[in-house]
Structures are given as C-alpha cells and as structure tokens.
Amino acid sequence: MRVLFVCTGNICRSPMAEALAASRYPASGVTFSSAATGGLSGYPASEPARRVMDEIGVDLSEHRSLDVLTAIAEPPDLIYCMTDGHRDRLLALRPEWSARILLLDPNGRSIADPYGLDDATYRRARDEI
C-alpha cells in the first residue's frame, strides 16, 4: 500500500505527516510519501518543521520537496490532504480517484499552514497531524 500526504509546499505539514506515519508504522508494509500542490521540488523541510520534529525524535533532515504531479505518476492507494484546497486540486487532476483523496483530519477540518510562523504554531500543526 502507498500513502501520499499533500500540502502546498511540501516543506512543513506533509513532510511532518509522512515522517510521523513512517516512525509510527515502520514495519507495516505501507510506503509513505509526501508532495506539494504548489509546484515545489527539491527543497528541504523548513527549519522550524525540522526543529519541532527533532523534539519528538523524528528526523526531517533528508527530506526534499516533491511536486504532486510527479508524486501521482504512480497512483497512491490513499492520498491525505491538509486542506480542502489541496483536495480540490487533486480532484481536478484525477477525478477518478475521488474515493482515495481524503482530508487528513477525520472531522474535515483543515490543518493550518505554519509556514513563516513561530515554533509553537509548528508544534500545533505537528500535534494536529
């Protein structure tokens, strides 16, 4: 099974989600990845994202952003989006995948983008994820 996490830049929320899932389910047989709807590729995780993940023993130092068009070239089994906007973008690209494109929050709430904000905001996003 392949699970993809999606956010805008793939430098904050989705890499945190990918790394958290991989750290919690290392021997599950599931492959976790993440991608950006904003067209970014090759960028490291943001420094605050790395710091707040380090606090819980999860390393983002090797992460590099990936554009969602590249990531969906091989169909994921499940795609978890951080916001309705991300979900809408993917549904526009692959409407036939509607059953596999979900919001990460089971209650349908968006996970706010912490980019450019303080570590406390990144911690809140991490904990929501």
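Scanning the range 25-55 for residues that are more than 22 Å from Leu103 (Cα to Cα), open to solvent by less than 40 Å² (accessible area, probe 1.4 Å) and either of a type in the set (Val, Ile, Thr) or free of Cβ contacts under 8 Å to residues at least 12 places away in the same chain (or both) returns a single hit, Val52. Within the range 4-24, can you find the residues that are buried (at least 24 other Cβ atoms within 10 Å of the Cβ) and among the small types (Gly, Ala, Ser)? Scanning the range 4-24 gives Ser14, Ala17, Ala19. Just to be sure before I move on: is Val52 modelled with pLDDT of 95 or more, assigned to a helix (DSSP H, G or I), among the β-branched types (Val, Ile, Thr) and closer than 23 Å to Arg123 by Cα in the structure I sent? Considered against the rule, which asks whether it is modelled with pLDDT of 95 or more, assigned to a helix (DSSP H, G or I), among the β-branched types (Val, Ile, Thr) and closer than 23 Å to Arg123 by Cα, Val52 comes out as yes. Scanning the range 56-69 turns up at least one residue that is open to solvent by less than 60 Å² (accessible area, probe 1.4 Å), in contact (Cβ under 8 Å) with a residue 60 or more places away in the chain and outside any loop (DSSP other than H, G, I, E, B). If you go through the range 70-86 and pick out every residue that is in contact (Cβ under 8 Å) with a residue 40 or more places away in the chain and either assigned to a helix (DSSP H, G or I) or among the acidic types (Asp, Glu) (or both), you end up with 5.
When residues of the range 98-129 are filtered for being of a type in the set (A, V, I, L, M, F, W, C), outside any loop (DSSP other than H, G, I, E, B) and closer than 16 Å to Gly85 by Cα, how many remain? Outline the logic, then answer.
Here is the first cut: in the range 98-129, the residues of a type in the set (A, V, I, L, M, F, W, C) are 99, 101-104, 111-112, 117, 120, 125, 129.
Restricting the remaining residues to those that are outside any loop (DSSP other than H, G, I, E, B) gives 99, 101-103, 120, 125.
If we keep only those that are closer than 16 Å to Gly85 by Cα as well, we get 101-103.
So the answer is 3.
Filtered by the rule that a residue be among the small types (Gly, Ala, Ser) and surrounded by fewer than 15 Cβ atoms within 10 Å (Cβ to Cβ), the range 108-129 gives Gly108, Ala112, Gly116, Ala120. For the range 87-99, the candidate set comprises residues that are charged (D, E, K, R) and under 15 Å from the mean Cα position of the chain (by Cα); within that set, the residue that is surrounded by the most Cβ atoms within 10 Å (Cβ to Cβ) is Arg87.
The values are calculated or read from the model by the stated rules, or taken from the named source; none is laboratory data. Predicted, not measured: the structure shown is a model, and the values here were computed from it. Note: ideal-geometry Cβ built from the backbone for every residue, glycine included; neighbour counts use all protein chains shown. Ligands, DNA and RNA are stripped out before the accessible areas are found, and what is left, the full protein with its side chains, is counted by its heavy atoms. Shrake-Rupley method; radii C 1.70, N 1.55, O 1.52, S 1.80 Å.
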